[in-house]
Amino acid sequence: MPEQMRDIKRRIRSIKNTEQITKAMEMVAAARLRRAQSRVEAARPYAEEIRKMAGRIAASLEDVSHPLLVEREVRNTGFVIFTSDRGLCGAFNARVIRFAQDVLKERDARSIVAVGRKGRDFFRRRGYDLLADFIGIGDEPGVDAAREVVRHILKLYESGALDEINLVYTEFISTSRQRPVVRRLLPIEIPTGDGNESRRADDYIYEPSPKRVLDIILPRFVEAQVYRAMLEAKVSEHAARMLAMGNATENAGEMINQLTLSFNKARQAAITKELTEIVTGAEALKG
Amino acid sequence: MKSFKLEIVNPEKVVVSEEVESVMLPAVGGFLGILRNHVPIFGGLDIGVIRYRKEGKSHTVACNLGVFEMRENTLRVLADTAERGEDIDVLRAQEAKKRAERRLQEKAQDLDYVRAELALKRAIARLKAAAGEGKGR
């Protein structure tokens, strides 16, 4: 077998291996995507209820004041940025990081809490103020992972190290569409709801007191938002990985087709050449 | 007996969503019994056992800290964790209880102490819920 043919054969084999791997990764991502989506679904009732409850409390109290609600003079704004720990998920990380960079520049901020290795590495390399980082939250994060982040964030906020905290994460729209967003986390903006529901100030009893109830509900409101951001980012990551790996598999298939074609051409050329040699030899003998 | 809606939700999922006749829940100030047409109330939830009665049968749910709201005959409980009595892993709860007790005896620093105490409280609540006890009948 001529040198050229052997080379082509080797390349086909190597690409086939890659194709198998990307195919497997695509399928794993698809399964995780489904599971992550059902987690988002399951987490929705709590998030919605706590938002509505906070709205009703705000509507029923004449004077709502709480450290987590007070707008302070903003000297230092912080951003919690959600990326993935692992790569091979297309432009997923690049997109949210670029978006975050733009937002930071616009707000003239440099303080960052990184959730995910990719974001941490990037911002640390660029010399941003990395206040905390959370790595290894897993492919299907539970609320405990979010709680740990929240505990840290609240400390930063209460100590006055940060006067405003925002979340930057990738929002899942559909399997083929995700977009980075920025949302304010602290101070809390209580949603005033859809008018008729919250306006009607029921005379609530507070057990034991409005202040205590606020003390309990507000950190959990923050927690629900962080958990949601975490889940959205995860769903988006799995979707992006599934797509990227699907494309890679497709490309590998195309390459194999092309290489097979050139392999056959080379083989035919070799046969033709041999035949010509034989025929010429026979002709010469007859001569 | 007239019923009302009970919803117990934790950040990860809905644990209970049922029509019930009565509920006893551990509020921060002590146990609170709730029946249909209770006045609107917001309250803090303590670690403990929520017990409710549905079609004459009583059920238990172990819960962690949280908030609850009764309004228009719907009682919503948002708890950090909530687990139906029958779903509780008794062995794990017993181990958690022992662990917490051991830590309490060692009497480490203050922070550890508080945390161990909470852990103990949670373990006891889970065991009670699993056994179907819970305070109040």
Here is a check on your reading of the model: is A:Gly127 under 11 Å from the mean Cα position of the chain (by Cα), more than 30 Å from A:Arg212 (Cβ to Cβ) and in a loop (DSSP other than H, G, I, E, B)?
no
Filter the range A:48-59 down to the residues that are buried (at least 19 other Cβ atoms within 10 Å of the Cβ) and either within 9 Å of chain B (Cβ to nearest Cβ) or without any contact (Cβ under 8 Å) to a residue 40 or more places away in the chain (or both) and list them by number.
A:Glu49, A:Ile50, A:Met53, A:Arg56, A:Ile57
Residues that are under 12 Å from the mean Cα position of the chain (by Cα) and away from every other protein chain (no Cβ under 11 Å): find the strands (runs of 3 or more DSSP E) completely inside the range B:1-50 holding 3 or more of those.
B:22-27
May I ask you to say which residue of B:Arg102, B:Arg122 is over 30 Å from B:Arg36 (Cα atoms) and outside the structural domain of B:Gly44 (by TED's automatic domain parsing)?
B:Arg102
Residue selected from the range A:248-276 under the condition touching a residue at least 12 places away in the same chain (Cβ under 8 Å) and of a type outside the set (Gly, Ala, Ser), by the criterion nearest to A:Ser84 (Cα to Cα):
A:Thr249
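The values are calculated or read from the model by the stated rules, or taken from the named source; none is laboratory data. Treat the numbers as computed from the prediction; the structure is a model and nothing was measured. Here the Cβ is made from the backbone with ideal geometry for all residues, glycine too, and neighbour counts use every protein chain on show.
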